[in-house]
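**Q** Pasting a structure here, questions to come.
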Amino acid sequence: MKAVILAGGLGTRLSEETHLKPKPMVEIGGKPILWHIMKIYSAHGVNEFIVCCGYKGYVIKEYFANYFLHQSDVTFSMETNTMEVHRKRAEPWIVTLVDTGDDTMTGGRLKRVADYLQNEELFCLTYGDGVSDVDVTKSIDFHRRHGKMATLAATFPPGRFGAIDIVKDRVCSFREKPRGDGARINGGFFVLSPRVIDRISGDMSIWEQEPLIGLAEDGELMAFTHDGFWLPMDTLRDKEKLEELWESGNAPWKVWES
């Protein structure tokens, strides 16, 4: 199974960091938040990733091009121009990095990677700036059982995110960015049929608008309720909170062993 990660946005609300790198490469505990997201999926057996790059996407490409060096202890001999690897800590990942354009919207980015998903029964989708202890395995099982086209993780964070109305696990409506009404919101961890891509018109399509709203209206969007931890890294304050949790040794999203 594959996981698509949207990693091409500007991250303007975190400009203290993103003037030099894309937001998914902002580090928590010395590792890009993108790495944390991939580790979450890998803990649930999802090890093949399609990363939708855009703004400063070359930084992401360079990171993975040198990933082996980042994760291993090495000795360089300047005299003989050789490298000796002492300890290898590589992940069992297959990572496809796709340039989906600097100005492409979230839905457009997904449509641009459609060729990499055409033979998949289903796939996961998430944003490159949020972490959670959502049970990915159970969300996939839930998706397979209900047989609809789309599943989203529904959680309870601040009211600035898209809220959803749920009746017997079916999403009846999707409303983008209401203010503090106490409803569950779109937690950004999706399980999808590749058929949802047909609902995306082009580069300027925003996934959270026409495609999701249409899926909800047609009864094809289901909610996997999540009552645990979820936090997007929207601002410097969010980053500092995530850093504090990681440094405490009790980061809720660390669902992997090592």
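**Q** Could you state the accessible area per residue of the chain in Å², with a 1.4 Å probe and every protein chain left in place?
**A** So the chain comes to 48 Å² accessible per residue, rounded to a whole number.
**Q** I'm checking a number: the convex hull volume of the Cα atoms of the range 35-97, normalised per residue, in Å³. What is it?
**A** Roughly 98 Å³ of hull volume per residue.
**Q** Evaluate the charge dipole of the range 1-146 about its Cα centre and quote only its size in Debye, nearest 20, assuming +1 on the Cβ of each Lys and Arg and -1 on the Cβ of each Asp and Glu.
**A** Taking the Cα centre of the range 1-146 as origin, the dipole is about 280 debye.
**Q** Charges only on Cβ, +1 for Lys and Arg, -1 for Asp and Glu: so what's the dipole of the range 193-258 about the Cα centre, in debye to the nearest 20?
**A** 120
**Q** Within the chain, which is the longest segment containing none of the GluC sites (Glu not before Pro) that sit in a DSSP loop and have at most 12 other Cβ atoms within 10 Å?
**A** Longest run free of exposed loop sites: 122-256.
**Q** Looking at the range 1-160, send over the antiparallel percent of its DSSP beta bridges, to the nearest 5.
**A** 30
**Q** Here's a follow-up. Would you kindly state how much longer the chain becomes between GLU79 and THR96 on full extension, computed as 0.36 nm times their sequence separation minus their alpha carbon distance, in nm to one decimal?
**A** Going from the current span to full extension adds 2.6 nm.
**Q** Then there's this: Let me know the charge dipole size of the range 57-143 about its Cα centre in debye, to the nearest 20, where only the beta-carbon of Lys, Arg (+1) and Asp, Glu (-1) is charged.
**A** Dipole size: approximately 60 debye.
**Q** Looking at the range 105-258 only, what percent of DSSP beta bridges run antiparallel? Nearest 5 please.
**A** The answer is about 80 percent antiparallel.
**Q** Now for a separate question. Tell me the carbon and sulfur percent of the accessible area for the chain, rounded to whole percent, probe radius 1.4 Å.
**A** 47
**Q** Can you pull the three principal axis extents for the Cα set of the chain, in Å, largest first?
**A** Principal axes ranked by extent give 67, 40, 34 Å for the Cα atoms.
**Q** How far, in degrees from 0 to 90, does helix 236-247 lean away from the longest principal axis of the Cα atoms of the chain, to the nearest 10?
**A** It is inclined by approximately 60 degrees.
**Q** Shifting gears a bit: With each run of n ≥ 4 DSSP H residues scored as -39500 (n - 2.57), what mean residue ellipticity at 222 nm is computed for the chain after dividing by its residue count and rounding to the nearest 500 deg cm²/dmol?
**A** -7000 deg cm²/dmol
**Q** Can I ask one more? Test of understanding: what is the full-extension gain from THR137 to ASP238, defined as 0.36 nm times their sequence separation minus their Cα-Cα distance?
**A** Separation in residues times 0.36 nm, less the Cα-Cα distance, equals 33.7 nm.
The values are calculated or read from the model by the stated rules, or taken from the named source; none is laboratory data. Predicted model only: the values in this text are computed from it and were never measured. Positions of Cβ are backbone-derived with ideal geometry, glycine not excepted, and every protein chain shown enters the neighbour counts. SASA here: full protein model, heavy atoms, side chains in, ligands and nucleic acids out. Shrake-Rupley method; radii C 1.70, N 1.55, O 1.52, S 1.80 Å.
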